[in-house]
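Engineer: I'd like to ask you about the structure that follows.
The values are calculated or read from the model by the stated rules, or taken from the named source; none is laboratory data. No experiment lies behind these values; they were computed from the predicted model shown. Positions of Cβ are generated from backbone atoms using ideal geometry, with glycine treated the same way; all protein chains shown enter the neighbour counts.
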Amino acid sequence: MYRNTGVVVARRIRKPALFTIFTIFTNVTTWCYNKGAMKRATMTFPDDLAEAVDNYRQAQETRPALTAVVQAALREYLRQRGFLRPYRPLKITPAPRGSGRRDVSEKHDLYLAGLKK
């Protein structure tokens, strides 16, 4: 029988919550890999490249994950060759007194893409 103390009650509450969080995380991870949101790859590095990557990671103030380093290098490689668009943050500047256009809410994609003036 459980005694009604804060410690016992906390133990009763934490286990199911932790299990639920783990289950949700597992479901999201499984969805990302199985539904095409992300691709998983196994890579083999030559010794010189592996050493250079390790040296780079150790030289950083906060060591980045190997995945982050590889993704950044691959993005830069593909961007330089024209296979990946450059990252540009969306900058929306509101008009001082409104735009004067009545169809912006319906055709906002065309305005943002610059296809409609």
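Engineer: Give Phe45, Phe83 a once-over and let me know the one that is of a type in the set (Phe, Trp, Tyr), at pLDDT 90 or above and part of a loop (DSSP other than H, G, I, E, B). Lay out the reasoning, then the answer.
Structural biologist: Values: Phe45 fails: at pLDDT 90 or above.
After ruling out the rest, the residue left standing is Phe83.
Engineer: Is there any pair with a first residue in the stretch 76-90 that is hydrophobic (A, V, I, L, M, F, W, C) and a second that is in a loop (DSSP other than H, G, I, E, B) and surrounded by 10 or more Cβ atoms within 10 Å (Cβ to Cβ) whose Cβ atoms are under 7 Å apart and which are 6 or more apart or on different chains, and what are they?
Structural biologist: Leu78/Leu84
Engineer: Something else about it: Which residues, taken from the stretch 37-59, are exposed (fewer than 10 other Cβ atoms within 10 Å of the Cβ) and aliphatic (A, V, I, L, M)? Write out each step before concluding.
Structural biologist: Step one: of the stretch 37-59, the residues exposed (fewer than 10 other Cβ atoms within 10 Å of the Cβ) are 37, 39-44, 46-48, 55, 58-59.
Residues satisfying the conditions are Ala37, Ala41, Met43, Ala59.
Engineer: On to the next question. Only residues that are closer than 30 Å to Thr42 by Cβ, surrounded by fewer than 10 Cβ atoms within 10 Å (Cβ to Cβ) and among the small types (Gly, Ala, Ser): list them for the stretch 60-117, please.
Structural biologist: If the condition is that a residue be closer than 30 Å to Thr42 by Cβ, surrounded by fewer than 10 Cβ atoms within 10 Å (Cβ to Cβ) and among the small types (Gly, Ala, Ser), then Ala65, Gly82 are the ones that fit.
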